[in-house]
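Q: Got a structure for you, written out below as structure tokens; questions coming shortly.
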Amino acid sequence: MSLTERLAGDRRALVTGLGIAVAACVLVPAVLPAYWVYLAITAVVSAVIMQSYGVIVGRVGVMSLCQMSFASIGAWVVLRLNVADAPGGFLVWLVIGGLAAVPVGVAIGLPALRIRGVNLAVVTFGFAVSADIVLNANQMPGMSELKTLERPALFEEDGAYFVLVVIVFTLIALGLAVLNRTRLGMSWTELRHSERAAAAHGVSVARSKLAAFAISAFIAGVGGGLMAGQLGLVVSGNFAMMQSLALFAVAIMIGPHNPEGAVMGGIFGAVMATILEKLDLPQDLGGMLFGVGAVFALRSGVSQTDFTRSRKRERAARAFLKEYEATAADRPAEPEAPAVPATVATGEPALTVSGLTVRYGQVTALDAVDLTVPRGAVVGLIGPNGAGKSTFIAAVTGFVGGYTGSVALAGDPLDRLSPSARAGRGLRRTFQTTTIAPELTQYEYLTIGAGRSLSTEEADELLDFFGCPPGRLPVSMVDAGARRLLDVAAAIAARPAVALLDEPAAGQSAAESLALGRRLAQVPARYGVSVLLVEHDMDLVQAACSEVTVLDFGHVIATGPTGQVLADPTVMAAYLGTADVPVA
């Protein structure tokens, strides 16, 4: 799917969503009895709060069990401003209540920079318990005076208030849809699958996580304020810790990071019991439906709305592939790329590594390694398994701390910088195992890697050059070998000073590996990127690299022109284990 087509699809979804929202605003107050209108308000308010789960749970993948505590902050602030007769009125108070929850969200997000998974869930649940204790010990504002919150005159009646909460829900959904297309929004998707990969693309994991906590807290605070506006007065039980836990489970099952998922979650959490009662169905049916949905989500690893969307996306992709293959014969042959020199090395160092030493306890993984990547060159780093090649890349790019020695990019030292900061300076890497979010298209992944918007032409040129499938395909439909090529393309898309590629030919056939070597040889002249290549395939190394450095048990045993190094008896001994070859 081209970028233009994707934007057109977004516009169609936007028009459809707005049409549904307008229809609901017209039909619900006009058709439904007052009691059902009230329940509809409850469902939409719950859907707003579910959107906060959509940010932190759905997009970032963090187990947060305290969203209703953020909602209680928003409700408390709105009611307190009401008691004080503060200027601005309900709509202004609503925004202030959301903003009041932001610093608390950031504070709760700080542990997420160090811990994750179940441990982080325990921290967030601990905050929910603490908030529960505080709320139970202190009345919400207005309770002692029995001063209820007055809605704005325009939205005083329940039917009109339903319109207001739908407008708020829609504005939040639109804002999140726009945010999802930004660098920050896309980084959340990558964080959910691999924080290391996100950092390697220049994403600040700390800033992205804290931003997610802040935005989710704001949305939850607004939802709490809307609840106060619906009820007039609220009690601590409206924000009990078990409410957070229950809504978290619904979020895992349904997927509130999609607008339809937030609506379904709101309906399920707010009015399912009433619907079953009105239909004379047993309440246990709701639990059964929830159980089936939860089991499905856990077994498939995706929420129900993600599953539905992915199936629809894959059907469209298969239709595109069928059409693409059918018209392959009619398309003019692509002109061959102009010949470029295998290296345009200037002699100036792009990357300089001096005395790099990495120790794990008593084990020395790297011992005083020196390596230089000249500007405009492709340099190989080879050696037998366990030689320290991946450790070298990890240390140079900042993923291994505590090393001694120095790393400099174009003369600028990088040693005190984080992985994301090094990537931002122009040092990119790939990993031996790719961890690309399967729901992304290849275009979207290139955008994340580049750190900027790419034109359709630029993205297609990169994909074609590296032999990747058409860019509109979702990553879930791309095989493992093609994903590694996509990883390389994403690293080069950023136009870094140096790209460190860790075994990019894994999963490729011999012919494909050799073709990749020829492409990599052209990268410095074509894209202005110097390359350090870690690889076991010697045919690829000879096709791509002008110089090679050889590691063995963490020591450099040879360095120099590729052909000369590969013919060195010491190198042959390291690879073949030939005991009678003298060691220089």
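Q: Could you give the length gained by full extension between Ala84 and Ala160, i.e. 0.36 nm per residue of separation minus their alpha carbon distance, to one decimal place? Present the calculation step by step, with values, prior to reporting the outcome.
A: On the way: separation 76, 0.36 × 76 = 27.36 nm, distance 2.53 nm.
Going from the current span to full extension adds 24.8 nm.
Q: Order the peptides 383-389, 489-495, 63-69 from the highest to the lowest mean number of other Cβ atoms within 10 Å of their residues.
A: Numbers: 383-389: 18.9, 489-495: 23.6, 63-69: 28.0.
The peptides rank, most packed first, as 63-69, 489-495, 383-389.
Q: Going Cα to Cα from Lys147, which aspartates and glutamates come in below 17 Å? Please leave out same-chain ones fewer than 8 positions away.
A: List returned: Asp85, Glu156.
Q: Continuing with this model, one more query. How far apart, in nm, are the 7 Å Cα→Cβ label points at Val22 and Leu279?
A: Distance between label points: 3.0 nm.
Q: In the full protein assembly as shown, how much of Cys545 is accessible to a 1.4 Å probe, in Å² to the nearest 10?
A: Roughly 10 Å² of Cys545 is accessible to a 1.4 Å probe.
Q: What three numbers, in Å, describe the spread of the alpha carbons of segment 130-223 along their principal axes, ordered from the longest?
A: 55, 35, 16
Q: Search the structure for amide H atoms under 5 Å from the amide H of Ala350, placed 1.01 Å from N in the peptide plane, and list their residues when 5 or more places away or on another chain.
A: Residues meeting the amide H criterion: Val373, Arg375.
Q: So, one more: Could you tell me the calculated FRET efficiency between Glu323 and Ile167, based on Cβ-Cβ distance and R0 = 41 angstrom, to the nearest 0.05? Numbers along the way, then the final one.
A: Values: r = 41 Å, r/R0 = 0.99.
Once the sixth-power term is evaluated, E becomes 0.50.
Q: Taking 60 Å as R0, compute the FRET efficiency from the Cβ-Cβ separation of Asp464 and Val129 and round it to 0.05. Could you put the intermediate results ahead of the total?
A: Values: r = 55 Å, r/R0 = 0.92.
Working from the Cβ atoms, E equals 0.60.
Q: Can you say what percent of the DSSP beta bridges in the chain, counting only those with both residues inside, are antiparallel? Round to 5.
A: Numbers: 22 of 38 bridges.
Antiparallel bridges make up about 60 percent of those DSSP assigns within the chain.
Q: Another question, if that's okay. Quick one: ranking Ile56, Ile215 by accessible area, 1.4 Å probe, largest first, what do you get?
A: Working: Ile56 0, Ile215 50 Å².
So, going from the largest accessible area down, we get Ile215, Ile56.
Q: Tell me, how many Å apart are the Cα centres for segment 145-206 and for segment 391-417?
A: 38
Q: Also: Give me the one-decimal Kirkwood hydrodynamic radius in Å for segment 372-450, with the sum taken over alpha-carbon pairs. Walk me through the numbers before you get to the answer.
A: Working: mean 1/r = 0.0687 Å⁻¹.
Final number for the Kirkwood radius of segment 372-450 is 14.6 Å.
Q: Taking 7 Å along the Cα-to-C-beta vector as the label spot, tell me the Gln564-Arg315 distance in nanometres, rounded to one decimal.
A: 6.3
Q: So what is the 222 nm mean residue ellipticity for the chain from helices alone, if each DSSP H run of at least 4 adds -39500 (n - 2.57) and you divide by all residues, rounding to the nearest 500 deg cm²/dmol? Mind showing how you got there, number by number?
A: Working: 22 runs with 333 residues, N = 584.
Computed ellipticity for the chain at 222 nm equals -18500 deg cm²/dmol.
Q: May I pose another question? Once fully extended, how much extra length lies between Met143 and Thr435, figured as 0.36 nm per residue of separation less the alpha-carbon to alpha-carbon distance? It would help to have the intermediate numbers written out before the result.
A: On the way: separation 292, 0.36 × 292 = 105.12 nm, distance 5.18 nm.
Taking 0.36 nm per residue and subtracting the Cα distance, the gain is 99.9 nm.
Q: Something else: Given a 1.4 Å probe and heavy atoms of the protein chains only, how would you sort His257, His201, largest accessible area at the top? Don't skip to the answer; put the middle values down first.
A: Numbers: His257 30, His201 10 Å².
Largest accessible area first, the residues go His257, His201.
Q: In straight Cα distance, which lysines are under 26 Å from Lys312, not counting same-chain residues fewer than 8 positions off?
A: Excluding near neighbours in sequence, the set is Lys322.
Q: A further question on this structure: What is the projected area of the convex hull of the Cα atoms of segment 418-480, averaged over all directions, in nm²?
A: Values: hull surface 19.2 nm².
Mean shadow area of the hull around the Cα atoms is 4.8 nm².
Q: For segment 173-265, what mean projected area does the convex hull of the alpha carbons give, in nm²? Display every interim value, and only then the final one.
A: Numbers: hull surface 27.8 nm².
That works out to 7.0 nm², a quarter of the Cα hull's surface.
Q: What dipole magnitude, in Debye to the nearest 20, does segment 447-498 give about its Cα centre under +1 on Lys/Arg Cβ and -1 on Asp/Glu Cβ? Write down the numbers at each step before the final one.
A: Numbers: 5 positive and 7 negative charges, 45 e Å.
With only Lys, Arg, Asp and Glu charged at Cβ, the dipole is about 220 debye.
Q: Multiplying the sequence separation of Arg416 and Arg518 by 0.36 nm and subtracting their Cα-Cα distance, what value in nm do you get? Don't jump to the answer; show the numbers that get you there.
A: Values: separation 102, 0.36 × 102 = 36.72 nm, distance 3.53 nm.
Gain on stretching Arg416 to Arg518: 33.2 nm.
Q: Aspartates and glutamates near Lys209 by alpha-carbon distance under 15 Å, same-chain residues fewer than 8 away left out - which ones?
A: Qualifying aspartates and glutamates at Cα under 15 Å: Glu190, Glu195.
Q: On alpha carbon coordinates alone, what is the Rg over Rh value for segment 367-511, Rh being the Kirkwood radius? Write down the numbers at each step before the final one.
A: Details: Rg = 15.8 Å, Rh = 16.2 Å.
So for segment 367-511, dividing Rg by the Kirkwood Rh gives 0.97.
Q: Determine the order of Glu348, Glu547, Glu323 by accessible area, beginning with the largest, at a probe radius of 1.4 Å. Numbers along the way, then the final one.
A: Numbers: Glu348 95, Glu547 70, Glu323 120 Å².
Sorted by accessible area, descending: Glu323, Glu348, Glu547.
Q: Which value, in debye to the nearest 20, gives the size of the charge dipole of the chain about its Cα centre, when Lys and Arg are +1 and Asp and Glu are -1 at the Cβ? All intermediate terms of the calculation are to be shown ahead of the outcome.
A: Values: 41 positive and 46 negative charges, 163 e Å.
That gives a dipole near 780 debye.
Q: Of all the C-alpha pairs in the chain, what % are more than 47 Å from each other? Working shown, then result.
A: Values: 45923 of 170236 pairs.
I get 27 percent for the Cα pairs in the chain exceeding 47 Å.
Q: Using the C-alpha atoms of segment 426-584, what convex hull volume per residue, in cubic angstrom, is computed? Working shown, then result.
A: Working: hull volume 18.2 nm³, N = 159.
Residue-normalised Cα hull volume stands at 114 Å³.
Q: I'd like the accessible area for Thr274: 1.4 Å probe, protein heavy atoms, all chains in place, Å² to the nearest 10.
A: 20
Q: Quick one: Cα convex hull volume of segment 1-146, Å³ per residue?
A: Numbers: hull volume 26.3 nm³, N = 146.
Hull volume normalised by residue count: 180 Å³.
Q: Looking only at segment 205-232, which residues have a backbone nitrogen under 14 Å from a spot 7 Å from the Cα of Leu110 in the C-beta direction?
A: Only 210 pass the distance filter.
Q: Now for a separate question. Among all helices in the chain defined by DSSP H, which have a length of 30 Å or more along the axis from Cα atoms plus a Kyte-Doolittle mean of at least -0.5? Mind dumping the intermediate values first?
A: Values: long enough: 3-31 (41 Å, 1.14); 158-180 (32 Å, 2.18); 205-231 (39 Å, 1.24); 304-326 (33 Å, -1.51).
Long hydrophobic helices here: 3-31, 158-180, 205-231.
Q: Which FRET efficiency, nearest 0.05, do Ala525 and Arg207 yield, Cβ-Cβ r, R0 51 Å? All intermediate terms of the calculation are to be shown ahead of the outcome.
A: Numbers: r = 35 Å, r/R0 = 0.69.
For Ala525 and Arg207, the calculated efficiency is 0.90.
Q: With the crude spin-label approximation of a point 7 Å out along Cα→Cβ, what separation in nm comes out for Leu174 versus Ala408?
A: Reported label-point gap for Leu174 and Ala408 is 5.3 nm.
The values are calculated or read from the model by the stated rules, or taken from the named source; none is laboratory data. Please read all numbers here as calculations on a predicted model, not as lab measurements. Note: ideal-geometry Cβ built from the backbone for every residue, glycine included; neighbour counts use all protein chains shown. These area figures cover heavy atoms from the full protein model, side chains too; ligands, DNA and RNA do not enter into them. Shrake-Rupley method; radii C 1.70, N 1.55, O 1.52, S 1.80 Å.
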